[in-house]
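The values are calculated or read from the model by the stated rules, or taken from the named source; none is laboratory data. Because the structure is a prediction, the values reported are computed rather than measured. Here the Cβ is made from the backbone with ideal geometry for all residues, glycine too, and neighbour counts use every protein chain on show.
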Amino acid sequence: MTQKERIVLKTAMATFVLLLFFFTQGAIVVIMGIDGVPSALIRGAVIWGLVAITLAYSIIRYKGISKLGFRSAEKGAAKRMLYFSPLLLIAISPFAAGVDLKVGATFLFANLFLTLGIGMAEEIFFRGIICGLWLKHGTVKAMMISSILFGFSHILNMAGGAKLGETLLQICFALVYGMVFALIFAESGSIIPCVLLHALHDFCSFISGDGSAQFEVVLGAAQFIVLLAYFIYLLRMTARKSQREQAMKGG
């Protein structure tokens, strides 16, 4: 088996394991008719179980978790990436519709538990493992493969009760989000910013108020424009960096 074939196999295995756990957590609450705080806690427990198993395996196999991307970001990376301000803006933008003040501390904890677990699991697998495997074959290829898999993995949201139209929009949004996170990981060398930004985005979405249908459309369009502009900026920055590195090698 060639090195590339091994990478393809590892990518397929990582994707299968993640999707299996995510399908399981969604199916459990749907089949048992559980919602609210218990749903978030059960789903979070399943996802955190996957995270714990993966971290334990990395510690046993590689004597640490740095191979998964849990390492300090490259010096100056945050500044070059504008301190992730576009993603922070997107994350808090749902608060334009207000905050659901009726939620209690238990609801907040349950959803923080769930969203941080989702951020950890998806970033470990799609960026730390899959993107990390393909980076040796080029940033663009690693970005595209990991992001396409990340985007289409959201079809499992239907197992949690999401509608088809809503799921398709989430797939498109996640595809671009995945490309942004892949570039952040490639540039910084760390998935820690990706985990925190991912969890923040999901958490803010859960606790924000409900806007009108028109508001949701306008907000979604604005978020996508900001995200796309940030992606183009990161892509150009990465391309310039690659050109400089090639020039230095040539010189």
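What to note about this one:
- Selection from region 103-117 of residues that are surrounded by fewer than 22 Cβ atoms within 10 Å (Cβ to Cβ) and within 24 Å of Glu187 (Cα to Cα): Leu116
- Test: residue in region 65-88 that is more than 22 Å from Tyr177 (Cβ to Cβ) and aromatic (Phe, Trp, Tyr): no
- Residue in region 60-67 that is in contact (Cβ under 8 Å) with a residue 40 or more places away in the chain and not in a loop (DSSP other than H, G, I, E, B) present: yes
- Breaking point among (1) surrounded by 14 or more Cβ atoms within 10 Å (Cβ to Cβ); (2) among the hydrophobic types (A, V, I, L, M, F, W, C); (3) within 27 Å of Cys204 (Cα to Cα), for Ala14: (3)
- Count of residues meeting criterion [of a type in the set (S, T, N, Q) and under 18 Å from Leu114 (Cβ atoms)] in region 29-73: 2
- Flag if Ala121 is in contact with a Leu (Cβ under 9 Å, 6 or more places away or on another chain) and either more than 19 Å from Ile28 (Cα to Cα) or crowded, with 17+ Cβ neighbours inside 10 Å (or both): yes
- A Cβ distance below 6 Å, combined with a sequence gap of six or more or placement on separate chains, defines the contacts here; from region 119-148, residues that are within 15 Å of Thr54 (Cα to Cα) and of a type outside the set (A, V, I, L, M) reach residues that are at pLDDT 95 or above and not in a helix (DSSP H, G or I) in the pairs Glu123/Ile191; Arg127/Ile191; Gly128/Gly69; Gly128/Ile191.
- Applying the criterion of being in a helix (DSSP H, G or I), touching a residue at least 60 places away in the same chain (Cβ under 8 Å) and among the polar types (S, T, N, Q) to the residues of region 186-231, the residue that is surrounded by the most Cβ atoms within 10 Å (Cβ to Cβ) is Ser188.
- Flag for Thr139 being of a type in the set (Ser, Thr, Tyr) and closer than 23 Å to Ser242 by Cβ: yes
- Residue in region 25-48 that is surrounded by 14 or more Cβ atoms within 10 Å (Cβ to Cβ), outside any helix (DSSP H, G or I), among the small types (Gly, Ala, Ser) and under 18 Å from the mean Cα position of the chain (by Cα) present: no
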